[in-house]
1. Considering only protein heavy atoms and a 1.4 Å probe, what is the carbon-and-sulfur percentage of the accessible area of segment 114-155?
2. Report Rg (one decimal) and Dmax (nearest whole number) for segment 53-274, counting Cα atoms only, units Å.
3. If you roll a 1.4 Å probe over the heavy atoms of the protein chains, what accessible area per residue do you get for segment 1-136, in Å²?
4. Over the Cα atoms of segment 87-175, each weighted equally, I'd like the Debye log10 I(q)/I(0) at q = 0.15, 0.16, 0.18, 0.19 Å⁻¹, rounded to two decimals.
5. At a probe size of 1.4 Å, how large is the accessible area of SER131, to the nearest 10 Å²?
6. Note the full-extension length gain between ALA75 and VAL124 as 0.36 nm times their separation in residues minus their Cα-Cα distance, in nm to one decimal.
7. Determine, from the Cβ-Cβ distance of THR61 and ILE256 and an R0 of 25 Å, the FRET efficiency 1/(1 + (r/R0)^6), rounded to the nearest 0.05.
8. With contacts defined as alpha carbon pairs under 8 Å and 6 or more residues apart, what's the relative contact order of segment 1-144 in percent?
Amino acid sequence: MSSSVLYDAPGPKARIRNRIYSVVGGLAVLGLIVFAVVRLNDKGQFAPEMWDIFNYAGVRTSIRDGVVTTLKVFAVAAVLSLVLGVLLAVGRLSDHKAVRWFATGFIELFRAVPLLITIYVLWVLFLTYRSDLGLSGDNTGFWALVIGLTVYNGSVQAEVLRAGINSVPRGQGEAAYALGMRKTQVMMTVLVPQAVRAMLPTIISQLVVTLKDTSLGYVITYQELLFQLQQLAGNIVVNDDNPYVPVIIVGGAIYIAMCLALSALATWIERRGRRAKTGIRVADAGQPLAAADALDVVDHSTVSAPDAPTGKTN
């Protein structure tokens, strides 16, 4: 029987008791699900007429427009949040105290403020100064949602990238400085690429959060997917009732499909990165190494030339 400081392995009686609790808890959850389904079925939410609404061209067009708008907001916010994340991560690791304090304050502020409040405040500001900013009604909601998603998710991505940069072995930076690179070159060509590769699963996970957070646009009446679904469910009446359950099920399935597609893309990118050719190329006798290969040689090991004395690097 194994144990740790934080957790003692359960004995035979405890294991039996845990299994009983698991079975009872599972049956209770299953019972609640069955009860909810039966009640909704009694109210006619699963009637065939409720599902026939998706055969109408207008309903399908509204859902399609909502999906396109959601993906448009996500694409712009994802790119801007990644760019902002890199800038904030580099700023937080800067040697200049003013830059480091500004980046730290920005990150902590927008990570602490709820995203919904940020989006709403930006929307109110854009509505107030819309004429001065040259924004139309549609652009007001779009940019309020995009900028809100950018500052929040960019702050989170900055912390992810900072952790990735700090995880890179110190010898990588020291070798780059030994080759005469400036700090900007070291950061952008040596440290950041390795940090992105190391933290790619976490970065993609935060992008999935960004995709789901686009649903907050319904609060500012921006016509993304959730807003379109809410409008459909509220305006369509079937058998003297609104088809909330079918619309929720279809909308949830669409969100799940988009998130799964993004996760599949991340998995594919990660596998491609693992198959990438890595390692140190040893130059032939009399041929100098390239700068990138020399960096790897300085960092990882020493390479002896055929005619060089033992223990000296090439």
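1. Using a 1.4 Å probe with all protein chains present, segment 114-155 comes out at 63 percent carbon and sulfur.
2. 20.9, 77
3. Normalised by residue count, the accessible surface of segment 1-136 is 69 Å².
4. -0.67, -0.73, -0.83, -0.88
5. SER131 has an accessible surface of roughly 100 Å² with all protein chains in place.
6. 15.3 nm is the gain from fully extending ALA75 to VAL124.
7. Using R0 = 25 Å, I get an efficiency of 0.70.
8. That works out to 9 percent.
The values are calculated or read from the model by the stated rules, or taken from the named source; none is laboratory data. In this text the structure is predicted, and so the values were computed from the model without any measurement. Counting neighbours? That spans all protein chains shown, and the Cβs are built from the backbone with ideal geometry, glycine included. Protein only, heavy atoms only, side chains kept; ligands, DNA and RNA dropped before computing areas. Shrake-Rupley method; radii C 1.70, N 1.55, O 1.52, S 1.80 Å.
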